[in-house]
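Below you'll find the structure, written out as structure tokens, and then a few comments.
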Amino acid sequence: MPIAPLRPARPVRSFVRREGRMTPAQRRALEDLWPVYGIDGGIALLEWEMVFGDLRPVTLEIGFGDGESLRAMAQEAPEAGFIGIDPHRPGAGRFLRDLAHDDIQNVRVIVGDAAEVIPKRVPPASLDRILVFFPDPWPKKRHHKRRLLSGAFLKELADRLKSGGSLQVATDWPEYGKEILAAIDQLPTLENTAGIGTFSPRPAWRPLTKYERRGLQLGHGVFDIAAQRRP
Ligand SMILES: C[S@@+](CC[C@H](N)C(=O)[O-])C[C@H]1O[C@@H](n2cnc3c(N)ncnc32)[C@H](O)[C@@H]1O
């Protein structure tokens, strides 16, 4: 009987690659502006001091989409450093163009899967804040395994926060939100700052995102989650 060749198991991803729709302008922006804003792929541990050229508080936003929130936060705090990770290249191309247009200097971009990049390349206890605004909700039961914010991944995120650092999540999917709350309560390294199993009020500093705006127009609720890295 022929033996099937051994193939490594394909990881379950939280996104589906749809690269076809990159416009020429997005492609050009990715090429021309990558040396300014891009963090190259690789396996080496990143050093934020090298990335920004000095020591500064660093915020990481996972799944920045069109980058609206990162842009707003970076403009508000030019003394801080901001890193965005998203696997969607056309969105990254548009975002790089917007960063250059606004002459924003304190943002760097990784095009990739946060579930792969963070465990491999982000040093432990190196981040001041991690933000995840409207992660894909994957509403169908058979797709729940694709949800990014699993207990295992939340543990990885907690390990990358400095002591006292914060994790801020927003979702318009209450059942996903409750799953995240429960996972946080299971982790000895994170404390839900609103109290066990409780959503948090929307922080005044959190910018409105494109996905959130669309959800609000459709009448969706918004659920914020805030946690702090225990010492
Ligand atoms: C629903 S959109 C929200 C975008 C944006 N945060 C907003 O609120 O408008 C989810 C985003 O997460 C990104 N994403 C999905 N899986 C990801 C992963 N594993 N790592 C990083 N980003 C991811 C998607 O490409 C997409 O941009």
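The values are calculated or read from the model by the stated rules, or taken from the named source; none is laboratory data. Quick caveat, the model's predicted, so the values are computed rather than measured. Reconstructed Cβ throughout: ideal geometry from the backbone, glycine too, with neighbour counts over all protein chains shown. With ligands, DNA and RNA removed, areas are computed over all heavy atoms of the protein, side chains included. Shrake-Rupley method; radii C 1.70, N 1.55, O 1.52, S 1.80 Å.
When the surface is traced with a 1.4 Å probe over the full set of protein chains, residue 185 keeps roughly 60 Å² accessible. Only Lys, Arg, Asp and Glu carry charge here, each on its Cβ (+1 for the first two, -1 for the last two); on that basis the chain has a dipole of about 1100 debye about its Cα centre.
Over the chain, accessible surface divided per residue gives 54 Å², non-protein components excluded, 1.4 Å probe.
When the alpha carbon gyration tensor of the range 113-231 is reduced to an equivalent ellipsoid, the three semi-axes, largest first, read 22, 16, 14 Å.
Placing one equal scatterer on every Cα of the range 82-169 and applying the Debye formula, the log10 ratio I(q)/I(0) at q = 0.12, 0.22 Å⁻¹ is -0.43, -1.21. Rounded to the nearest 5, what % of DSSP beta bridges with both residues in the chain are antiparallel? Given both bridge residues lie in the chain, the antiparallel proportion sits at roughly 30 percent.
The value for the chain of Rg(Cα) / (2.2 N^0.38 Å) is 1.03. If you run the Gaussian network model on the chain, springs between alpha carbon atoms under 10 Å, then out of 140, 120, 155 the most flexible one is 140. How would you classify the range 96-142 from its alpha-carbon gyration tensor, with a ≥ b ≥ c the square roots of the eigenvalues: rounded for a/c under 1.5, else prolate if a/b is greater than b/c, otherwise oblate? Cα axes put the range 96-142 in the oblate bin. The share of accessible area on the chain that comes from carbon and sulfur is 56 percent, using a 1.4 angstrom probe. Extending 7 Å from Cα along the Cβ direction at residue 125 and again at residue 146 yields two label points whose distance is 3.8 nm. If you run the Gaussian network model on the chain, springs between alpha carbon atoms under 10 Å, then out of 110, 43, 196 the most flexible one is 43. Could you tell me whether the range 27-127 comes out rounded, prolate or oblate from its Cα gyration tensor? Rule is a ≥ b ≥ c as square roots of the eigenvalues, rounded for a/c under 1.5, then prolate if a/b exceeds b/c, otherwise oblate. Since a/c reaches 1.5 but b/c is at least a/b, the shape of the range 27-127 is classed as oblate. Across the chain, the longest piece that holds none of the GluC sites (Glu not before Pro) lying in DSSP loops with up to 14 other C-beta atoms within 10 Å covers 80-231. Taking the Cβ of residue 212 as the centre, find all other residues whose Cβ is under 13 Å away and add up their charges (Lys, Arg: +1; Asp, Glu: -1). With Lys, Arg at +1 and Asp, Glu at -1, the net is +1.
The alpha carbons of the range 70-122 stretch over 30, 25, 13 Å along the principal axes, in descending order. If R0 is 22 Å, the Cβ-Cβ spacing of residue 101 and residue 21 corresponds to a FRET efficiency of close to 0.55.
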